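Reading through the structure tokens given below for one structure.
The values are calculated or read from the model by the stated rules, or taken from the named source; none is laboratory data. Note that the coordinates shown come from a computational prediction; the quantities given were computed from them, not determined experimentally. Positions of Cβ are backbone-derived with ideal geometry, glycine not excepted, and every protein chain shown enters the neighbour counts.
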Amino acid sequence: MSGVHTTVRGAVLALTLLGAGGLSAARAADGYREPWRPQLHFTPAAHWMNDPNGMVYLDGEYHLFYQYHPYSTRWGPMHWGHAVSRDLLHWRHLPVALAPDRHGAIFSGSVVADLANTSGLGTRRHPPLVALFTYHDHRLEKQGAVRVESQGLAFSLDRGRTWTKYAGNPVLANPGLRDFRDPKVFWHVPSQRWIMSLAARDHVAFYSSADLKYWSHESDFGAGRGEHAGVWECPDLFEMAVAGESARRYVLLVSVNPGAPNGGSGTQYFIGAFDGHGFAPDSDVALRTGASAHWLDWGPDNYAGVTWSGVPAADGRRLLLGWMSNWSYAQLVPTVRWRSAMTLPRALQLVRSARGLELHSSPVAELARLRARRAAIAPARLLAGSERSLLDPLAPLAGQFEFTITLAVHAANNVRVTLRNARGEATVLRINRAQQRYELDRSHSGVTGFSAAFGALQSAPLPAASSLVALHVFVDRSSVEIFVNEGETVFTALVFPHAPYDTVTLSADQDIEVSGGAAYALKSVWANDAGV
């Protein structure tokens, strides 16, 4: 769990998306119509939320637990909020799952379906869901103690609706570290043991267990590896196939705060081998030019992301969700009733590039179900100094749309994709080939004055010299998510425009070609009463 206690710390192609929209009148009385409330993303009905926790799939339901303060829109004593979905889109809020007790507040962790009942907390016929989480003792923290975090266990025998805390808590005591948290657990088939990845300040500690209750230290990873400007948090270790190959590798996600490539919070990853005892990173995977680590997302607002456990093998996907904010300004954003949203759910892929293996992420296919109307973006050659508008009876819900477009940028050194509203507020993606980088500029995106860090330019290295750039962009009331070349580079960014973005423009300093694409109006996931 990331907590404030750690850091408190010119050719122009215009696609105008006409129309206004929102929720039905039946929802007018609740907060899902308030300004900047996301219509495509998960948010709590009210109050503060941060890291996704305990994500597990069981009996047709995706469970999402999350760091939650049910009494304030600012970070405070953490609980586990809870919601479930059958399609990763529409969520049903459930009561708070875990609340603080004498051992402390409930920080981040994971949930597994103990199908073989290795824990003995259920039966083979009725196996338990088992949660491993971090206790954080604020009382001891105020006294200046070091051992303020330990690991606890809870279990559910009714599909996660109610939870019982284990009488023997904590199940893993603190070895003497100030930061010792965020257990992520999976069943390691070769060794027939549960493996826990645990953030231990500046490294990941691996533990093993036969029953989820008694844990033995196996090894540590992290010294001299990756980004160390801040505290390591929210690790996640899992095995994946390499796309198009029979080879399989392990991926280790580690969030760090601060230390992200564009400031504040971010998530790095490592690729390698795991033998049930230790993680050995591959040595032949080169970093992008100027990068301190391999980054899952180059935007400022994707942190503490972890993957779902229990997704059926027949599905074949590794599914991830992140917290869509940044500790640099998370408690200052201008929302009123609620604070923080989750990213769109994403499917991860291990892809072999010229630099070696890379972890790419793309929006899940289920999002296509939200498409209400479609407008084709026709192929066109755009000459310097020309202007062409594409007006189509798409009439989307303002501020919630998706578009795909493929560009052949040829000799152009500066290509701009601009999201704009009628007030002239804009968020701009630039393909800056002169400096070999992508740039995301939200300095004039709307409300930015709550934080000096918010308006800073975001950038990511251009990973290749190819002149083809494929963009897949999702726009919601207070966020933009940009997937470049099938998730090779990703930007996730919050925005707070005074009016929803309803226009997309494309410009360049030299001739470019649009190979085509499409734009879609997107339905709200909260447009009926199933979600709240």
Yes or no: the range 438-453 includes at least one residue that is under 21 Å from the mean Cα position of the chain (by Cα) and of a type in the set (S, T, N, Q).
no
List the number of the failed condition for residue 73; all other conditions in (1) surrounded by 21 or more Cβ atoms within 10 Å (Cβ to Cβ); (2) touching a Lys or Arg at 6+ places or on another chain (Cβ under 6 Å) hold.
(1)
Being surrounded by fewer than 20 Cβ atoms within 10 Å (Cβ to Cβ), at negative phi, under 19 Å from the mean Cα position of the chain (by Cα) and at pLDDT 95 or above narrows it down to one of 51, 101, 87, so name that one.
87
Step by step: first the residues of the range 54-63, then only those that are touching a Gly at 6+ places or on another chain (Cβ under 8 Å) and within 17 Å of residue 322 (Cβ to Cβ), then the one that is surrounded by the fewest Cβ atoms within 10 Å (Cβ to Cβ). Which residue is that?
56
Please work out which one of (1) touching a Pro at 6+ places or on another chain (Cβ under 9 Å); (2) at pLDDT below 95 is the condition residue 427 fails and give its number.
(2)
For residue 331, which of the numbered conditions (1) touching a Lys or Arg at 6+ places or on another chain (Cβ under 8 Å); (2) not in a loop (DSSP other than H, G, I, E, B) fails to hold?
(2)
Is it true that residue 348 is touching a Ser or Thr at 6+ places or on another chain (Cβ under 9 Å), surrounded by fewer than 21 Cβ atoms within 10 Å (Cβ to Cβ), more than 17 Å from residue 477 (Cβ to Cβ) and of a type outside the set (Val, Ile, Thr)?
no
Within the bounds of the range 255-271, is there any residue that is hydrophobic (A, V, I, L, M, F, W, C), under 16 Å from the mean Cα position of the chain (by Cα) and under 24 Å from residue 345 (Cβ atoms)?
yes
All positions within the range 341-363 that are part of a strand (DSSP E or B) and closer than 24 Å to residue 330 by Cα:
341, 342, 346, 361, 363
Considering only the range 294-331, state which residues are among the hydrophobic types (A, V, I, L, M, F, W, C) and surrounded by 22 or more Cβ atoms within 10 Å (Cβ to Cβ).
295, 296, 298, 304, 306, 308, 320, 321, 323, 324, 327, 330
Under the condition of being under 9 Å from residue 298 (Cβ atoms) and of a type in the set (A, V, I, L, M, F, W, C), which residue from the range 481-497 is surrounded by the fewest Cβ atoms within 10 Å (Cβ to Cβ)?
490
Residue 148 among the β-branched types (Val, Ile, Thr) and in contact with a His (Cβ under 7 Å, 6 or more places away or on another chain)
yes
For the range 427-444, indicate whether the set of residues that are of a type in the set (Gly, Ala, Ser) and buried (at least 20 other Cβ atoms within 10 Å of the Cβ) is non-empty.
no
Lone qualifier among 374, 352 - being over 27 Å from residue 186 (Cβ atoms) and touching a strand residue (DSSP E or B) at 6+ places or on another chain (Cβ under 8 Å)
374
Using beta carbons and a limit of 6 Å, which pairs, at least six apart or on different chains, have the first residue in the range 368-385 and farther than 21 Å from residue 408 by Cα and the second one in a loop (DSSP other than H, G, I, E, B)?
370/523; 372/523; 373/394
Residue check, residue 347 touching a helix residue (DSSP H, G or I) at 6+ places or on another chain (Cβ under 9 Å) and either within 24 Å of residue 268 (Cα to Cα) or among the β-branched types (Val, Ile, Thr) (or both):
yes
Just to check your reading of the model, which residue among 353, 328, 340 is of a type in the set (Ser, Thr, Tyr) and out of contact with any Ser or Thr (no Cβ under 7 Å at 6 or more places or on another chain)?
353
Per the filter on the range 216-274, residues surrounded by fewer than 18 Cβ atoms within 10 Å (Cβ to Cβ) and among the aliphatic types (A, V, I, L, M) are 223, 229, 241, 242, 243, 247, 273
